[in-house]
1. Out of (1) closer than 24 Å to L28 by Cβ; (2) at pLDDT below 95; (3) of a type outside the set (F, W, Y), the odd one out for G159 is which?
2. Can R225 be described as under 26 Å from the mean Cα position of the chain (by Cα), charged (D, E, K, R) and in the same structural domain as T305 (by TED's automatic domain parsing)?
3. Just checking: which of the strands (runs of 3 or more DSSP E) contained wholly in the stretch 270-356 hold 2 or more residues that are within 23 Å of M381 (Cβ to Cβ) and touching a residue at least 24 places away in the same chain (Cβ under 8 Å)?
4. Scan the stretch 120-135 residue by residue and report those that are over 14 Å from M160 (Cβ atoms) and either in contact (Cβ under 8 Å) with a residue 60 or more places away in the chain or surrounded by 13 or more Cβ atoms within 10 Å (Cβ to Cβ) (or both).
5. Scan the stretch 390-403 and report the pairs whose first residue is touching a residue at least 60 places away in the same chain (Cβ under 8 Å) and β-branched (V, I, T) and whose second residue is buried (at least 17 other Cβ atoms within 10 Å of the Cβ) and part of a helix (DSSP H, G or I), with Cβ atoms within less than 7 Å and a gap of 6+ or a chain change.
6. Might you check whether a residue that is within 23 Å of D279 (Cα to Cα) and assigned to a helix (DSSP H, G or I) occurs anywhere in the stretch 384-391?
7. Only one residue in L19, L23 is in a helix (DSSP H, G or I), away from the ligand (no atom under 16 Å from the Cβ) and among the aliphatic types (A, V, I, L, M). Which one?
Amino acid sequence: MRIALGVSGGIAAYKAAELLRLLQEKGLEVQVVMTRNACEFITPLTFAALSGHKVITEMFGGAAGASNVESAIEHIALAQSIDTLVIAPATANVLAKMANGIADDFLTTLCLATKAPLIVAPAMNVNMWDHAATQQNLETLRRRGVRVVNPDDGYLACGMTGAGRLADPQLIAQSVFETLGLSEDLKGEVVLVTAGPTEEPLDAVRYLSNRSSGKMGYAIAEASRRRGAQVVLVSGPTREDPPAAHTFERVRTANEMAEAVLRHAGKATVVVMAAAVADFRPGTVHEGKIKKQQGTPVVTLEPTTDILAEISRHRRDGQIIVGFSAETAQLIENATAKLHAKNLDLLVANDVSQNGAGFDVGTNIVTLLFPDGRNIALEKMSKFEVANRVLDQVVEIRRKSGV
Ligand SMILES: Cc1cc2nc3c(=O)[nH]c(=O)nc-3n(C[C@H](O)[C@H](O)[C@H](O)COP(=O)(O)O)c2cc1C
């Protein structure tokens, strides 16, 4: 895997050398990109020697006319070839440029040109960190899905004390590994995931279903496995290839899904219910095919088992329960009601009426809701990235509960 390490102009620039070493130890190929100001703090030579690659510092040929990039469109080539871009340290200036889409040097152009996940580890003087502009820029970046590795509190190089010291390079490296699916922060967890739609038969050939593709649940299963969890995946009918899982069970109806989920729930430490389970099913299922000549049938519907409510009722000690809610109106109100009614630890709400969200697309736009009233609205991102953001919260809930 290839990643780009961006270094900007702060006192902590020298600590990026330690981060580079940690990334390389995990077998990652690292291309270092420095801002011109970063070169005032540490020479590119250090990173070139450590990484074994030419360091990129300029967009165009420098003063001597000699460009240090391999080709005129290096920013595009690099943007497409990397799996993650991590910027450490990230100056207040770089954060501001990123938040506003400014691309006036190689590093900030790369930020716009790449579709790879972005991680920033800010470091600065405490007043710069506390400044409303910096905090607003960070909020904008977080909403767009950029991972922020918050700085530590402590004595700063400027002589002041407070927040602003670059996070421990180990922590920054950990964040990169998590993003790449190389971390083991779900090791020891048994994650039960449901995915896809259900089908509720009406007769021998017809059924009621919905447009769920299973992509979101499969992404949760895949991301959980990559993060070290043992995964039990219960899937409704989908056209997608299911990801590798320790246990995979295919079901058709809501009641079959309920039966399978309740059978596996006893050993699950985390339950993520991403399936779009039918709330109603036809009250009678006709044997054979209903013929046209029999006249227009009247279909009466009856409720199916409420799987989330059942899981919540049988919750084992320390079990974390995450629900999904697909809404077409009053997203937050409806989802909050569901979060409390089902006693969930986290609810992932998506407005399926938005472009690029919900059923049968590779991306999603979700809001994460917590029982304490907090919510995090994420911008459009791939379902795999949404899965990792959800799992980040599961890890956080586990850490806080201490169970
Ligand atoms: C000695 C010194 C230390 C600095 N340390 C930081 C810092 O830790 N964080 C920061 O955001 N800016 C710091 N700055 C200010 C940045 O270097 C300045 O905002 C610069 O424009 C950043 O450029 P860049 O973001 O393109 O690298 C420092 C400046 C000096 C002179």
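1. If we test G159 against (1) closer than 24 Å to L28 by Cβ; (2) at pLDDT below 95; (3) of a type outside the set (F, W, Y), just (1) comes out false.
2. Values: under 26 Å from the mean Cα position of the chain (by Cα): yes; charged (D, E, K, R): yes; in the same structural domain as T305 (by TED's automatic domain parsing): yes.
So R225 passes the test.
3. Numbers: elements: 270-273, 280-282, 301-303, 320-327, 346-351.
In the stretch 270-356, the matching strands (runs of 3 or more DSSP E) lie at 270-273, 320-327, 346-351.
4. Taking the stretch 120-135 first, the residues over 14 Å from M160 (Cβ atoms) are 120-122, 132-135.
The answer is V120, A121, P122, T134.
5. Here the result reads V390/I220, each pair linking the stretch 390-403 to a residue that is buried (at least 17 other Cβ atoms within 10 Å of the Cβ) and part of a helix (DSSP H, G or I).
6. The initial filter retains those residues of the stretch 384-391 that are within 23 Å of D279 (Cα to Cα), namely none.
Checked the stretch 384-391: no residue is within 23 Å of D279 (Cα to Cα) and assigned to a helix (DSSP H, G or I).
7. Values: L19 fails: away from the ligand (no atom under 16 Å from the Cβ).
When all the criteria are applied, what remains is L23.
The values are calculated or read from the model by the stated rules, or taken from the named source; none is laboratory data. This structure is a prediction, so every number in the text was calculated from the model and none was measured. Ideal geometry is used to build each Cβ from the backbone, glycine not excepted, and the neighbour counts take in all protein chains shown.
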